[in-house]
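Just so it is clear, none of the values below were taken in a lab; they were calculated from the coordinates. Model, not experiment: these values are computed from the prediction. Positions of Cβ are backbone-derived with ideal geometry, glycine not excepted, and every protein chain shown enters the neighbour counts.
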Amino acid sequence: MNDDRKKYMRMLRRMMLIRRFDETVVDLVQAAELVGMAHAYIGEEAVAVGACAALRDDDYITGNHRSHGHPIAKGGDVRKAMAEILGKATGYCKGKGGSMHLADFSIGILGESGILASGLPVGVGAAMASKMQGNDRVVVSFFGDGASNQGACHEAMNMASIWKLPIIFLCENNQYAVTTHFHDTVAVENISDRAVAYNMPGVLVDGQDVLAVYEAAAQAVQRARSGQGPTLLEARTYRYQDHSEGLVRILRESYRDEAEVERWRQRDPIKIHSSWLVEQGVASQAEVDAVQAEVTAAIEDALEFARQSPYPEPEDLLTDLFADPVTT
Amino acid sequence: MAEITYADALNQALKEEMRADESVFLMGESIRGGIYGVTGGLSQEFGDRVVDTPLSELGFMGAAVGAAAVGMRPIVQSLASFLYVAMDQLISQAAKMRFMFGGQVDLPIVYRCGMIYGNNPAAHHADRPYPMFVNVPGLKIVIPTTPADAKGLLKTAIRDNNPVMFFEDNNLSGWRGEVPDDDVAIPFGVADVKREGSDVTIVAIAGMLRRALEAAETLDEDGISAEVIDPRTIVPLDHETILKSVEKTGRLVVVDPAHKSCSVASEISAMVSQEGFWSLQAPIERVTSLDCHFPFSPALEPLVFPNEDKIIEAVHATME
């Protein structure tokens, strides 16, 4: 129970960390302190956290443009993440990647991709390597309902299945590709139904319930680790914010009604998990509040660190392109 | 030294490097059978390290990135014209990943891209798309011509810790030449003077090297001494060897089977115009494919790409 308690509390902490991180991102965009694009993961925290809770540190993940939740869920450093999205030299990618390209190869975060479904073939390759190297590392490739319509998605799933690769395709179905509902773009009722075509299990799970995601992911991970091949896991979830911060200034037409947003807010993943912890006697409300306070301080610290950090120098521009210098 | 074909030289390089390093593996379409004439038989020695893929270029060219990111050294084989199907993975991932992630990861990948043209494959298959990859930072671009270069450059490509686009001109597959038996890796960024001369410099890319060497023989009979240079790698490009030659000859003809606009010939011409302008005694000539797709008809196809006559004509133009 003690180990379980630790696990459940860590899930809470990481969900809160992602929430507070992205709330800060929203503020930074509004204050014009954060330039470029940013896609908030608020409302979807249970998906990345539940899935990563089923992984080891040496397992791999690949992500997408909604890109802060996955690395934090995998155990990434919020200081380095915050510094990166502010373009600072102390960031994960020395300021060269920004919001959509966080990565930490030292703990298996193989990078977030701005191009939809682009991380899936990469995930398949990492899974091929696991098999060839004879280790039992597994891969979770996160993608959205929109990305599920990319050809790369089909190719990746087929390859993973024919070679029985240790990979979990985790569709974070937040139901909207920018402003288009997935029922208008996906020919089947559930994206997990597509698993039939790849001869792999397709599982639909409540993406607002971190324990449900964790349990489904743990099963898929067990299957992958033991050489039985991939799983397509669909977590039905919802993003509270628009597709990207600032989009509201461009959109001329509402694509979802407030009642719908409110309905989903009632199923908030952090609230659901907090209530469960208290009801089950895993933690007291005071302990839950203490985690929130600690997380708020951690994000404040990360922001302070990022703000105080230097920008990269002009001479840093051309480094990192090649593993060795090339003169052309 | 043995005299072997270009295709066999590539096969030797693969075999030697796969023996030397267990993390090297091959993937591509029907390569166990050896559809491209290079990899056949390798699966007998290397088993599962020769992977036949589905017809999913986007998928497996991207899988190479993921495998390389976690310690493997994939070699991917395909046709150059199929690269278009895989552009997102080649550019958004292979080329950009290292830079975008602040140098956190090396991607030792070789994309072997066969180029077929000149034997009526028609527009979808006949292509020489390397110039558009030269325009993508983060990729090394290699185009071997002789069997010895094919072997030596492929060995270097496999050992390189960056994504390398290795363009093989299939018109050269049967070309025989002396290839060292021992372990000779040819460094990138070093052009090779294939024929010395004093009146004009001909820089020739890919299969055009053979045409250029033939043209040089013909020109010799007319009393024109042509120096023929093969850059061998386009990224990195050896400026010095080309500039030194132009300094000697004062004339430059660049022969490139790619389409004219923004070709490698254009890039080399621009480089020499800028860095070697005062050596030039005549305007630079580019002999390239027309800005036109490859037609199927045998009556039309030869009109598109460079040949010996076009090279000779261009050389004469620089002598006027």
### Task
For the range A:219-232, take each phi angle, set θ = phi - 60°, evaluate the Karplus expression 6.51 cos²θ - 1.76 cosθ + 1.60, and give the result in whole Hz per residue in order, putting x for glycine and proline.
5, 5, 5, 4, 4, 5, 5, 8, x, 8, x, x, 9, 9
### Task
Quote the Stokes-Einstein diffusion coefficient, in whole µm² s⁻¹, for chain B, based on the Kirkwood radius over alpha carbon pairs, a temperature of 20 °C and a viscosity of 1.002 mPa s.
108
### Query
Mind checking which aspartates and glutamates have their C-alpha under 15 Å from B:LYS15, skipping anything on the same chain fewer than 8 residues away?
B:GLU45, B:ASP48, B:ASP181, B:ASP182, B:ASP183
### Overall Cα dimensions of the protein assembly as shown - principal axes, largest extent first, Å
96, 53, 45
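Please state the shape class of the range B:42-111: rounded when a/c is under 1.5, otherwise prolate if a/b exceeds b/c and oblate if not, all from the C-alpha gyration tensor.
Numbers: a/c = 2.65, a/b = 1.32, b/c = 2.01.
Cα axes put the range B:42-111 in the oblate bin.
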### Query
Against the longest alpha carbon principal axis of chain B, how many degrees, from 0 to 90 and to the nearest 10, is the axis of helix B:308-319 turned?
50
## Note on the structure
For chain B, the longest principal axis of the Cα atoms and the Cα long axis of helix B:57-69 enclose an angle in degrees, to the nearest 10, of 70
#### Entry: Label zone at B:MET1 (point 7 Å along Cα-to-Cβ), backbone N below 11 Å, the range B:142-186
B:178-181
#### Entry: Prolate/oblate/rounded call for the range A:102-168, Cα gyration tensor, a/c under 1.5 rounded
oblate
### Summary
From the Cα centre of the range A:252-318 to that of the range B:180-204, the distance in Å is 60
### For B:ASP169, net neighbour charge (Lys/Arg +1, Asp/Glu -1) across residues whose Cβ lies under 13 Å away
0
### Task
Starting from the Cα of A:GLN228, move 7 Å in the Cα-to-Cβ direction to define the label point; list residues of the range A:116-148 whose amide nitrogen is under 18 Å from there.
A:136-140
### Message
If the reach is capped at under 19 angstrom between alpha carbons, list the lysines near A:LYS271, excluding any in the same chain fewer than eight residues apart.
### Response
A:LYS6, A:LYS7
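Evaluate the charge dipole of chain B about its Cα centre and quote only its size in Debye, nearest 20, assuming +1 on the Cβ of each Lys and Arg and -1 on the Cβ of each Asp and Glu.
Numbers: 25 positive and 45 negative charges, 191 e Å.
Taking the Cα centre of chain B as origin, the dipole is about 920 debye.
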### Query
So, how do all the Cα-to-Cα distances of chain A break down into 20 Å bins, in percent, from 0 on up?
32, 59, 9, 0
### Task
In whole Hz, with x marking every Gly and Pro, tabulate ³J(HN,Hα) for the range B:216-225 from phi via Karplus 6.51 cos²θ - 1.76 cosθ + 1.60, θ = phi - 60°.
4, 5, 4, 4, 4, 5, 8, x, 9, 9
### Query
So who's got an amide H within less than 5 Å of the one on B:LEU252, skipping anything under 5 residues away but keeping other chains? H placed 1.01 Å off N, in plane.
B:THR201, B:GLU285
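Hey, fewest Cβ within 10 Å first, where do A:ARG56, B:ARG159, B:ARG112 land in order? Let's see the in-between values first.
Numbers: A:ARG56 13, B:ARG159 16, B:ARG112 26.
Placing the least packed residue first, the sequence is A:ARG56, B:ARG159, B:ARG112.
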### Message
Compute, for the range B:192-319, the length of the dipole vector about the Cα centre, with Cβ point charges of +1 (Lys, Arg) and -1 (Asp, Glu) only. Units Debye, rounded to 20.
### Response
260
### Long-range HN-HN contacts of B:VAL76 with modeled amide H, under 5 Å
B:MET27, B:VAL110, B:TYR111, B:ARG112
### Query
Roughly how many Å is it from the Cα centre of the range A:21-72 to that of the range A:215-236, as a whole number?
22
### Query
Considering the dipole of the protein assembly as shown built from charges on the beta carbon (Lys and Arg +1, Asp and Glu -1) around the Cα centre, which of B:ALA282, A:LEU303, B:TYR6 is farthest to its positive end?
A:LEU303
### Query
Suppose R0 equals 51 Å; then what is the FRET efficiency for B:TYR84 and A:SER284 from their Cβ-Cβ distance, rounded to the nearest 0.05?
0.30
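Just want the ordering: B:ILE35, A:ILE61, from fewest to most Cβ atoms lying within 10 Å of their own Cβ.
Working: B:ILE35 16, A:ILE61 31.
If I rank by nearby Cβ atoms, fewest first, I get B:ILE35, A:ILE61.
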### Task
Under a cut-off of 15 Å between alpha-carbon atoms, report the aspartates and glutamates in cross-link reach of B:LYS260, not counting same-chain residues fewer than 8 places apart.
B:ASP127, B:GLU285, B:ASP291
### Query
Hey, if you drop one equal point scatterer on each alpha-carbon of the range A:145-301 and run the Debye formula without solvent, what base-10 log of I(q)/I(0) do you get at q = 0.10 Å⁻¹?
-0.49
### Query
If only Cα atoms are counted, what is the Rg of the range B:2-179, and what is its Dmax, in Å?
15.1, 45
#### Entry: Long-range amide H partners of A:VAL140 with built H, under 5 Å
A:TYR60, A:ILE61, A:THR62, A:ILE168
### Task
Would you mind checking the tilt of helix B:239-249 against the longest principal axis of the Cα atoms of chain B, expressed as 0 to 90 degrees and rounded to 10?
20
### Query
Can you work out ³J(HN,Hα) from phi for every residue in the range B:91-104, in order, using Karplus 6.51 cos²θ - 1.76 cosθ + 1.60 and θ = phi - 60°, giving whole Hz and x for Gly and Pro?
9, 5, 9, 4, 6, 8, 4, 4, 5, 4, 9, x, x, 5
### Query
Considering the alpha-carbon set of the range B:203-276 alone, what are its Rg and its Dmax in angstrom?
12.1, 35
### Query
Assuming R0 = 22 Å, what is the FRET efficiency of A:ASN199 and A:GLN133, from their Cβ-Cβ distance, to the nearest 0.05?
0.30
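Mind giving me the FRET efficiency for B:ILE35 and A:ALA293? R0 is 56 Å, r the Cβ-Cβ distance, nearest 0.05 is fine. Mind dumping the intermediate values first?
Details: r = 64 Å, r/R0 = 1.13.
Efficiency at R0 = 56 Å is approximately 0.30.
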### Summary
To the nearest 20 debye, the protein assembly as shown has a Cα-centred charge dipole, built from +1 on Lys and Arg Cβ and -1 on Asp and Glu Cβ, of 1480
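Once you average over the residues of B:52-60, how many Cβ atoms of partner chains fall within 10 Å of each Cβ?
6
Indicate the gyration tensor shape class of the range A:1-160 (rounded, prolate or oblate), computed on the Cα atoms with a ≥ b ≥ c the square roots of the eigenvalues: a/c under 1.5 is rounded; otherwise a/b larger than b/c is prolate and the rest oblate.
Values: a/c = 1.66, a/b = 1.22, b/c = 1.36.
Here the range A:1-160 falls in the oblate category.
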